[in-house]
Amino acid sequence: EADEIGCGNLTDYTNLELTDKWILSELTLTIKNVTEAIENYNPSEASRLLYEFIWSKYCDWYVEFSKTRLYGTDEKAKLTSQQVHLEVLENILKLLHPIMPFITEEIFQNITEQKKNIMVSDYPKFDGTKINETAEKEIQKVIEIITAVRNIRSVMNIKLSDTVDIVVKINSKETEKIVQENKHYINSLAKIGKIDFTKSSQKQNHSASAIVGDVEISVLLEGKIDFELERKRLEAQLVKINHELQTYETKISNKNFIEKADPKEVERVNGKFQEISNTKQKTEEIIKTLGGVK
């Protein structure tokens, strides 16, 4: 109804930033997929899709992206972000209502101006015009870059309070434009002081690297860590990783386990083996960066 903010009912779309368009596009896809799951009598799939959107897209990323505007001095930008938050939250509550009726009704009553029950509100309707493939693609690239820098910070044990400088080599003008236009998000969420761009493939001294598609990222470590101490710490960690990896490798190479175990358990073990294998590879690469074993 007109007295509600619903998906697609923002009064002014002209001030939306890329992250706003992205989360509204993700919301639209979630409405489509959750509705299909419910119509196919699959509430567990609907719950999974909602969890993925609410936790992994909205909470993990959009809330963080929006903080620069919500805590900034640009009142117009702040209002736009608040409107988007409200629209997404109201639709989340409506989508969740068939699965979590009481808490969603309680929250809904506290965020809407009109004291209207959620159970008699219109269920969100899919509107394909709100899908924004450009925003989806560009924000995914930004998320991957931020995640790569965060992973290096975590593995290298860099203090949360420390900013780091990075050097990036980008192999396409399109991606360079995405990074340039979203530097403020990358700087803020990955705790970066400065981003330098280079055309050279030469490895940066005293750095840890990651490759994200067509972007090569080098996190400069000089003055941020004790290189010898970190090398020893990571080598000790690698011993534990190898031991854990061997445990899972023994399981997946056991024919009795593969043939007789619950398929979900087999899938879990295979997934864990792949995850630990990836961690081992990344750890070995960083140890080499620090001058460790070949």
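Computed values, structure above
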read-out: Qualifying residue in segment 242-249 (condition: without any contact (Cβ under 8 Å) to a residue 40 or more places away in the chain, of a type outside the set (Ser, Thr, Tyr), open to solvent by less than 50 Å² (accessible area, probe 1.4 Å) and not in a loop (DSSP other than H, G, I, E, B)); value: yes
read-out: Check on residue 206, in contact (Cβ under 8 Å) with a residue 40 or more places away in the chain and open to solvent by 60 Å² or more (accessible area, probe 1.4 Å); value: no
read-out: Residue 275 being open to solvent by 90 Å² or more (accessible area, probe 1.4 Å), within 23 Å of the chain's Cα centre (by Cα) and of a type in the set (Asp, Glu); value: yes
read-out: Residue within segment 280-293 that is small (Gly, Ala, Ser), surrounded by fewer than 16 Cβ atoms within 10 Å (Cβ to Cβ) and in contact (Cβ under 8 Å) with a residue 40 or more places away in the chain present; value: yes
read-out: Some residue of segment 103-119 being basic (Lys, Arg) and closer than 30 Å to residue 236 by Cα; value: no
read-out: Wholly enclosed helices (runs of 4 or more DSSP H) of segment 59-146 bearing at least 2 residues in contact with a Leu (Cβ under 6 Å, 6 or more places away or on another chain) and open to solvent by less than 30 Å² (accessible area, probe 1.4 Å); value: 75-96, 101-111
read-out: Close pairs (9 angstrom Cβ cut-off, 6 or more residues apart or separate chains): within 14 Å of residue 94 (Cβ to Cβ) in segment 24-45, charged (D, E, K, R) and not in a helix (DSSP H, G or I) anywhere; value: 28/127; 31/125; 31/127; 35/125
read-out: Residue among 239, 215 that is open to solvent by less than 40 Å² (accessible area, probe 1.4 Å), of a type outside the set (Lys, Arg) and modelled with pLDDT of 90 or more; value: 215
read-out: Within segment 147-178, considering residues that are hydroxyl-bearing (Ser, Thr, Tyr) and assigned to a helix (DSSP H, G or I), the one most open to solvent (accessible area, probe 1.4 Å); value: 154
read-out: Given (1) open to solvent by less than 80 Å² (accessible area, probe 1.4 Å); (2) in a helix (DSSP H, G or I), index of the condition residue 223 fails; value: (2)
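The values are calculated or read from the model by the stated rules, or taken from the named source; none is laboratory data. Computed from a predicted model, the values in this text were never measured in an experiment. Virtual Cβ from ideal backbone geometry, glycine too; neighbours counted across all protein chains shown. Just so you know, the surface numbers come from the protein's heavy atoms only, side chains and all, with ligands and any DNA or RNA stripped out. Shrake-Rupley method; radii C 1.70, N 1.55, O 1.52, S 1.80 Å.
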